[in-house]
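Accompanying notes for the structure given below.
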Amino acid sequence: MRRKIVAGNWKMNNSLNRGIELATEINKKVRKQEENDVLVILAPPYIHLSDLSRIVDKDAISIAAQNCASEPKGAYTGEISAKMIKSTGAEYIIIGHSERRQYFHETGEILKKKLVLTLENSLTPIFCIGEQLNEREAGNHFDIIKKQLEEALFDLPTNWMGKVILAYEPVWAIGTGVTASAAQAQEMHKYIRNTIAGKFGQEVADNISILYGGSCKPSNAKELFANDDVDGGLIGGAALNADDFFAIINSF
């Protein structure tokens, strides 16, 4: 059975000290729950990974990196390899976030290399896909999503695909003032699951978690998570506040 997941992407926010404080706050809140079947993941900047891996209760919270290099090692100044991330105690890596695609021009070929390195190092990728506003308005949103899946994932062996977490980011609904409805989220998540089933089989599709990576907040999380094919959220701004993030976790 696929997991319910709430992952907080801190992006380029929080000093190391503030990161430790925030992770400690979230850790206390999550641990107080007697029953919690939601997988909670924190994705801080690289400099936080080792410290946060040591302070959180691994039975309650897991740690993710926000990115990794597309090469295993070498003369790539400023890059961080999947193997290095593994050594910090992190267990997940976000791959293909819309901001990486947009600002750093990451292609499907680059993302495929990152996915393979993540899996080779026994880490779990959270692979992001999503369309821009002009692509949705043109009616090309399903084609864009299918292309992104095909470029990076379709060469993976079935057993590796079963280890991937997907995150759908309607880029047109992030910081634009345009809101994606719960029905629109469900429609796309169902399409993604059906696309995975067509390539890898229904069993893989039924067991893969697909997170919603739009503007998910305490006010709309419950409605979003009530959909059959929405298995949780990849949270941005609301993940920087312990109370808001915990409220989203409790939306299940």
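All of the numbers you see were taken from the coordinates with simple rules; none came from a lab. Small disclaimer: the values here were computed from a predicted structure and weren't measured. For neighbour counting, all protein chains shown are included, and Cβ atoms are generated from backbone atoms with ideal geometry for every residue, glycine included.
Keeping to the stretch 221-250, report how many residues are free of Cβ contacts under 8 Å to residues at least 40 places away in the same chain and in a loop (DSSP other than H, G, I, E, B).
Residues in the stretch 221-250 being free of Cβ contacts under 8 Å to residues at least 40 places away in the same chain and in a loop (DSSP other than H, G, I, E, B): 2 in total.
Within the stretch 139-157, can you find the residues that are within 20 Å of ILE94 (Cα to Cα) and part of a helix (DSSP H, G or I)?
Of the residues in the stretch 139-157, the ones within 20 Å of ILE94 (Cα to Cα) are 144-157.
ILE144, ILE145, LYS146, LYS147, GLN148, LEU149, GLU150, GLU151, ALA152, LEU153 - these are the residues of the stretch 139-157 that are within 20 Å of ILE94 (Cα to Cα) and part of a helix (DSSP H, G or I).
Would you mind stating whether ILE5 is of a type outside the set (Phe, Trp, Tyr) and either buried (at least 19 other Cβ atoms within 10 Å of the Cβ) or touching a Lys or Arg at 6+ places or on another chain (Cβ under 6 Å) (or both)? If you could, list the steps in order and put the result at the bottom.
Values: of a type outside the set (Phe, Trp, Tyr): yes; either buried (at least 19 other Cβ atoms within 10 Å of the Cβ) or touching a Lys or Arg at 6+ places or on another chain (Cβ under 6 Å) (or both): yes.
So ILE5 passes the test.
Looking only at the stretch 93-128, count every residue that is in contact with an Asp or Glu (Cβ under 7 Å, 6 or more places away or on another chain), not charged (D, E, K, R) and not in a loop (DSSP other than H, G, I, E, B) and tell me the total.
Result for the stretch 93-128: 4.
Checking SER219 against (1) of a type in the set (Ser, Thr, Tyr); (2) surrounded by fewer than 16 Cβ atoms within 10 Å (Cβ to Cβ); (3) within 29 Å of VAL116 (Cα to Cα), only one condition comes out false. Which one?
(3)
If you take the residues of the stretch 8-23 that are surrounded by 14 or more Cβ atoms within 10 Å (Cβ to Cβ) and polar (S, T, N, Q), which of them is nearest to PHE246 (Cα to Cα)?
ASN9
Within the stretch 75-86, is there a residue that is in a loop (DSSP other than H, G, I, E, B) and under 16 Å from the mean Cα position of the chain (by Cα)?
no
Residues of the stretch 23-46 being touching a helix residue (DSSP H, G or I) at 6+ places or on another chain (Cβ under 6 Å) and part of a helix (DSSP H, G or I), which ones?
Across the stretch 23-46, the qualifying residues are ALA23, GLU25, ILE26, LYS29.
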